[in-house]
Amino acid sequence: ENVFAAVPILRSRISRNFKVEVLDDEESWKLFTQNAGKVVNLENIKEVAKQVARECGGLPLLMKIVGASMRGKEMVQLWEDALSEMRRSPVPNINGIYDKVYKPLKWSYDALEGTTIKSCFLFCALYPEDFSIKVKELVQSWLAEGLIDELRSYEESTNRGIALIENLKDSCLLERGNFGDGVKMHDVVRDLASWISSSSSSEDGCKAFVRSGLGLTNFPEVETPDSVKRVSFMHNRTRNLPESVVQCPEVSTLLLQGNRLLRIVPEGFLTAFKSLKVLNLNESRIKILPQSLLQLRELRALLLRKCVDLEELPPLGGFTKLQVLDCHYAPSMKELPQGMEELSNLRALNISRTYALRHIQSGTLSKLSSLEFLDMSWGAKWGPTRIAELACLERLTTLYINLDISVLVPTLFRILLFPICGEWTCNASLN
């Protein structure tokens, strides 16, 4: 029953791990009522009791502890207080829960070797409850935050990130997500991580302010802004961000992705986050980014995937520390931003499915001397003259590109001699 307390035994005494599934709603309610007694069937209690049971996340031990603690309590106010406590506090203050559930979980966290993997684990709590996190997006953020050694190649860093994820899965702190390349946290594990991250002396030094997946329409006031390092307001329903917010001088990560009603980032908004390393606006409806973006000189990752209305970016020449620019499926973007050729530390560029981007100025890509990953698939077709520009990119290991076969075949052998030793995908036109 106590799945998490068994983690150290699983790791040290046997060679096979067995996943213990959580209970479904019907099984959870049955176990909860067995421990809470007949009081749960009272007309004024039953509905709130079901909500309390759902907050236990299908964990049998939690069902037993909470159910037993509420046994015989016939005042609806006591049930409402318990529900409020469980929803408000990452680690609910109900008799026995911390010692029997969260303490074993905390042991699993403490047993992780090194500060890097602990910081990576806590980063996952920025995402909403029961949310499948895309591994690629997660690793991009870890790399930009400096959680993965920047001296590694981009491919090695990605592999290192995947290895850390598998380690967390082996420790039962992450589990497989709802799709092939995703991972997620159990609600109770996320509560523990949120509790650690939100404390005034967060163990990794990265105190977090998280309001993700709550359906909020307005950006909240950031609590203790002077000490917060990460802000997550992803997957809400906001249409407008405020023109100004309280200064958050230490925030390195701002996650706004999944706000699909968001169309405008006001000029004054980003000026509150001048130390940003990661800015994620994936899956928003923004058309342009404000000129105030240019003040974020520490920015290392600008993530704009599936921004279907995005038409242009401000000049990026001053972003000498930018490592990742991801504009996958920005079908309205017609041209690359000015100053692209000055991004001397850019390691990964994704402009796949930018259908309106029909022309890239000659010499732009060839000047990106640090580029290791380039995805231009499902866009304009390239012939041998344009591909020759890429030959000088000595660090390039992964290339996705459309090849115009009708032009390319006569010189295909010569092209294949270019010193690019990574992956190729060919979406060929045989017109």
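The values are calculated or read from the model by the stated rules, or taken from the named source; none is laboratory data. Source: prediction; values computed, not measured. Cβ atoms come from the backbone with ideal geometry, glycine included; neighbour counts cover every protein chain shown. The area values use the complete protein model at the heavy-atom level, side chains included, leaving out ligands, DNA and RNA. Shrake-Rupley method; radii C 1.70, N 1.55, O 1.52, S 1.80 Å.
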Residue count, segment 344-362 (criterion: aliphatic (A, V, I, L, M), closer than 21 Å to Ile286 by Cβ and in a loop (DSSP other than H, G, I, E, B)): 3
Only listed residue being part of a loop (DSSP other than H, G, I, E, B), more than 20 Å from the chain's Cα centre (by Cα), surrounded by 21 or more Cβ atoms within 10 Å (Cβ to Cβ) and modelled with pLDDT of 95 or more, chosen from Leu276, Leu310: Leu310
Residue match in segment 258-268 (condition: touching a Ser or Thr at 6+ places or on another chain (Cβ under 6 Å), modelled with pLDDT of 95 or more, assigned to a loop (DSSP other than H, G, I, E, B) and open to solvent by less than 10 Å² (accessible area, probe 1.4 Å)): yes
Residue match in segment 149-156 (condition: at pLDDT 90 or above, part of a loop (DSSP other than H, G, I, E, B) and closer than 23 Å to Leu302 by Cβ): yes
Scope segment 331-383; condition under 19 Å from Asn402 (Cβ atoms), in contact with a Pro (Cβ under 8 Å, 6 or more places away or on another chain), of a type outside the set (S, T, N, Q) and open to solvent by less than 70 Å² (accessible area, probe 1.4 Å); matching residues: Ala356
Among (1) open to solvent by less than 20 Å² (accessible area, probe 1.4 Å); (2) modelled with pLDDT under 95, the one test that Asn240 misses: (1)
In segment 287-301, the residues that are assigned to a helix (DSSP H, G or I), out of contact with any Asp or Glu (no Cβ under 6 Å at 6 or more places or on another chain) and buried (at least 18 other Cβ atoms within 10 Å of the Cβ): Leu293
Pairs, first without any contact (Cβ under 8 Å) to a residue 60 or more places away in the chain and over 20 Å from Ser252 (Cβ atoms) in segment 322-351, second among the aromatic types (Phe, Trp, Tyr) and open to solvent by less than 10 Å² (accessible area, probe 1.4 Å), C-beta under 9 Å, six or more apart: Gly339/Phe319; Glu342/Phe319
Residue within segment 230-253 that is assigned to a loop (DSSP other than H, G, I, E, B) and without any contact (Cβ under 8 Å) to a residue 24 or more places away in the chain present: no
Condition check for Thr33: closer than 25 Å to Leu174 by Cα, at pLDDT 80 or above, open to solvent by 20 Å² or more (accessible area, probe 1.4 Å) and not charged (D, E, K, R): no
Test: Pro90 is at pLDDT 95 or above and outside any helix (DSSP H, G or I): no
Among residues of segment 180-197, those that are more than 17 Å from Glu85 (Cα to Cα), assigned to a helix (DSSP H, G or I) and either open to solvent by 30 Å² or more (accessible area, probe 1.4 Å) or touching a strand residue (DSSP E or B) at 6+ places or on another chain (Cβ under 8 Å) (or both), counted: 1
Qualifying positions in segment 205-233 - out of contact with any Asp or Glu (no Cβ under 8 Å at 6 or more places or on another chain) and at positive phi: Gly205, Gly215, Thr224
